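Since the structure comes first, as structure tokens, the remarks are kept for the end.
FYI, it's all coordinate maths here, none of it is from the lab. From a predicted model like this one, the values you see are computed outputs, not experimental measurements. Here the Cβ is made from the backbone with ideal geometry for all residues, glycine too, and neighbour counts use every protein chain on show.
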Amino acid sequence: MAGNYLDMFSLEGKTALITGANTGLGQGICLAYAQAGANVIGVARRSCQETAEKIAAVSGSFTEILADLSDLSVISRIVAEANAVCGRVDILVNNAGLIKRCDAVDVTVEEWDSVIDVNQRMVFFLCQAFAKGWIQDKKGGRIINIASMLSFQGGIRVPSYTASKSAVMGLTKALANEWSQHNINVNAIAPGYMATNNTANLRSDEQRGDEILSRIPAGRWGTPEDIAGAAIFLASEASSYVNGFTLAVDGGWLAR
Ligand code: NAD
């Protein structure tokens, strides 16, 4: 590699599509990618105005695609609109996700499906849609799936979420086995306990919130900025020989 090793981390000239771009970790990844030089396309159910403003403030490029990711029929439109904007998507980040807290004995089919549809089915079929194009044009690509501590652990009162995030880690390995030969790197990030909407209920429950905080070796909840480095690394040339791995960014949670 010629030049500075830091050049390997640049996303200059790349286009990245991030789902769940309007808030939380998705918004943090959008901002990180824009600062690393990528054209950013955010997919979300609701307006990404706040994300757009943050990216404009660092003179980055951002386009929004509105879509409800509980319905697989939106995929062809997402791919078409993204390609119309930029010609080609190079990096896909499957970040959108939801969590439902409920005792296992009370989970309904509707609740179960609502979590699995977005966190698992959509993730697989979005990966498939972009990988098909990347295999055809032989230019490769990057997929980063957002997993969870509950890809490794059971969790408490979130069985559908645990099932979906365990699937995300499994799929990340399965797809890497098939697609690494096509220069498609499939990896995942498993965030620890991060202060976003996803954990608002948990943090507002004083007892559970304190229990969790006291178990985090770093001694604090994570933030969207905390996963920026891992997200850039896995999207960049710096991780060319990293395949099928789920990288925990968890303040040491899994080390305990
Ligand atoms: P968040 O609730 O702020 O963000 C979730 C995002 O997913 C939002 O943009 C939301 O609009 C989007 N989304 C949900 N359902 C959707 C649908 N049907 N269509 C389109 N978009 C939809 O929480 P977050 O923490 O930023 O979560 C981002 C990802 O990180 C999720 O996959 C979550 O499971 C995962 N995660 C979060 C934590 C944490 O501690 N916050 C830990 C591990 C993993």
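Short to long, the 10 Å bins of the Cα pair-distance histogram for the chain hold 7, 32, 38, 19, 4, 0 percent of all pairs.
Enter the Cα centre distance for the pair the stretch 1-35 and the stretch 91-133, rounded to the nearest angstrom. With the stretch 1-35 and the stretch 91-133 each reduced to a Cα centre, they are spaced 23 Å.
Based on Cα contacts under 8 Å between residues 6+ apart, the stretch 120-203 shows a relative contact order of 36 percent. Label sites at Val58 and Ser76, each approximated as a point 7 angstrom past Cα along Cα to Cβ, lie 3.6 nm apart.
Along each principal axis, taking the top coordinate minus the bottom one, the Cα set of the stretch 1-116 gives 58, 29, 29 Å in descending order. Long hydrophobic helices in the chain: the complete DSSP H runs spanning 18 Å or more by Cα along their own axis with mean Kyte-Doolittle hydropathy of at least -0.5 are 122-137, 159-179. Within a straight-line Cα-Cα reach of under 17 Å, Lys165 can be paired with the following aspartates and glutamates, leaving aside sequence neighbours fewer than 8 residues apart in one chain: Glu111, Asp113, Asp117, Asp250. What number do you get for the stretch 163-256 when its Cα radius of gyration is normalised by 2.2 N^0.38 Å, N = residues? Compared with the compact-globule rule of thumb, the stretch 163-256 sits at 1.24. Amide H contacts of Ala190 (H built 1.01 Å from N, in plane; Pro and chain starts excluded): Ala147, Leu247, Ala248, Val249 sit under 5 Å, all sequence-distant by 5 or more or on other chains. In this structure, the pairs whose alpha-carbon distance is over 28 Å, taken from Lys14/Lys54; Lys54/Lys173; Lys14/Lys173; Lys138/Lys173, are Lys54/Lys173. You can think of it this way: the chain between Asn177 and Arg46 has 43.7 nm of extra reach, that is 0.36 nm per residue less the Cα-Cα gap. FRET efficiency for the pair Ile156 and Leu66, taken as 1/(1 + (r/R0)^6) with r the Cβ-Cβ distance and R0 = 35 Å, rounds to 0.55.
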